[in-house]
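Taking it in order: structure first as structure tokens, then the write-up.
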Amino acid sequence: VQLQASGGGSVQAGGSLRLSCAALGTVHASDLMTWHRQAPGKQRELVAASDNGITGTYYADSVKGRFTISRDSAKNTVSLHMNNLKPEDTAIYYCHVRRVDGDYWGQGTLVTVSS
């Protein structure tokens, strides 16, 4: 499966962005879809995850209440709505799918938040 992410950009603190990721290939409703991010000099971290309602959604503590992950299984897309962005949210954001045959990653999209 190929993942194509879009929607990154530059925004001032307090602003909002919406990231989208389209999966080309088979993604089952039960497959885990996530957003990770990697800031300069830091390890990649999990931001949000969705298994389409089987066990619910997960958010990192740092983004709870500000970010929302959503899926459209019919369109094979996963989105990340980011509100009240902070400079520490600056990072490359990656969409990811975990299927039974392995993990798949998108190319990443840069989000820059200025103070």
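The values are calculated or read from the model by the stated rules, or taken from the named source; none is laboratory data. The structure presented is a predicted model; accordingly, all values stated were derived computationally and were not measured. We place every Cβ from the backbone using ideal geometry, glycine too, and count neighbours over all the protein chains shown. The protein model used for the area step is the full one, side chains on, heavy atoms only, and it has no ligands, DNA or RNA in it. Shrake-Rupley method; radii C 1.70, N 1.55, O 1.52, S 1.80 Å.
Couple of notes before you dig in:
- Taken over segment 1-19, the criterion of being assigned to a strand (DSSP E or B), more than 30 Å from V100 (Cα to Cα) and of a type in the set (A, V, I, L, M) is satisfied by V11, L17.
- Test for V1: is it of a type in the set (A, V, I, L, M, F, W, C) and in contact with a Phe, Trp or Tyr (Cβ under 8 Å, 6 or more places away or on another chain): yes
- Taken as a whole, the structure leaves A13 outside the set of residues that are of a type in the set (G, A, S), at pLDDT below 95 and either open to solvent by 30 Å² or more (accessible area, probe 1.4 Å) or under 11 Å from the mean Cα position of the chain (by Cα) (or both).
- Candidate set: segment 67-82, residues that are over 13 Å from the mean Cα position of the chain (by Cα) and not hydrophobic (A, V, I, L, M, F, W, C); chosen: the one modelled with the lowest pLDDT: S73
- Out of V27, V97, V63, one residue alone is open to solvent by less than 30 Å² (accessible area, probe 1.4 Å), free of Cβ contacts under 8 Å to residues at least 60 places away in the same chain and β-branched (V, I, T). It is V63.
- Filtered residues of segment 51-60 (kept if of a type outside the set (D, E), surrounded by 13 or more Cβ atoms within 10 Å (Cβ to Cβ) and farther than 18 Å from L17 by Cβ): N52, T57, Y58
- Scan of segment 83-108 for residues that are at pLDDT 95 or above and more than 15 Å from M33 (Cβ to Cβ), ordered by number: N83, N84, L85, K86, P87, E88, D89, T90, A91, I92
- Enumeration of residues in segment 49-104 that are in a strand (DSSP E or B), among the hydrophobic types (A, V, I, L, M, F, W, C) and more than 16 Å from G8 (Cα to Cα): A49, V97
- Checked against (1) under 22 Å from A60 (Cβ atoms); (2) out of contact with any Leu (no Cβ under 7 Å at 6 or more places or on another chain), T26 meets all criteria but (1).
- From the options M82, M33, residue that is surrounded by 14 or more Cβ atoms within 10 Å (Cβ to Cβ), closer than 20 Å to R99 by Cβ and touching a residue at least 60 places away in the same chain (Cβ under 8 Å): M33
- Filter result for V47 (farther than 16 Å from A91 by Cβ, in contact with a Phe, Trp or Tyr (Cβ under 6 Å, 6 or more places away or on another chain), open to solvent by less than 70 Å² (accessible area, probe 1.4 Å) and in contact (Cβ under 8 Å) with a residue 40 or more places away in the chain): no
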